[in-house]
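What follows is a single structure, written as structure tokens, with notes after it.
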Ligand SMILES: [Zn+2]
């Protein structure tokens with residue numbers, strides 16, 4: 001499962017209607033609304049996703 005970077009809902013990449021490639025990474029969205037929000041401030045949401053991945057990483 002992928003996570004919607006805007007609202008943090010779980011999104012199944014296989015049937016996601018809304019997807020954006022940004023800096024070589026695909027982002028999946030639960031709705032057009034979330035995709036548009038990402039489109040407005042992609043760098044903000046990209047950074048948020050990176051921060052969360054770092055917190056979840058297990059070393
Ligand atoms: Zn969403």
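So for the range 34-49 (the condition being out of contact with any strand residue (DSSP E or B) (no Cβ under 9 Å at 6 or more places or on another chain), assigned to a helix (DSSP H, G or I) and in contact (Cβ under 8 Å) with a residue 40 or more places away in the chain), does at least one residue qualify? Within the range 34-49 (the criterion being out of contact with any strand residue (DSSP E or B) (no Cβ under 9 Å at 6 or more places or on another chain), assigned to a helix (DSSP H, G or I) and in contact (Cβ under 8 Å) with a residue 40 or more places away in the chain), the answer is yes, since at least one residue qualifies.
Pick out the one residue from 26, 42 that is within 11 Å of the chain's Cα centre (by Cα) and within 14 Å of residue 1 (Cα to Cα).
Details: 42 fails: within 14 Å of residue 1 (Cα to Cα).
Being within 11 Å of the chain's Cα centre (by Cα) and within 14 Å of residue 1 (Cα to Cα) holds for just one of 26, 42, which is 26.
Just wondering, is there one or more residues in the range 3-23 that are within 9 Å of the ligand (Cβ to nearest atom), exposed (fewer than 15 other Cβ atoms within 10 Å of the Cβ) and assigned to a helix (DSSP H, G or I)? No, the range 3-23 has no match at all.
Coordinate-derived values only; no laboratory data. These figures come from a predicted structure and were not determined experimentally. As a convention, Cβ positions derive from the backbone with ideal geometry for all residues, glycine included, and neighbour counts pool all protein chains shown.
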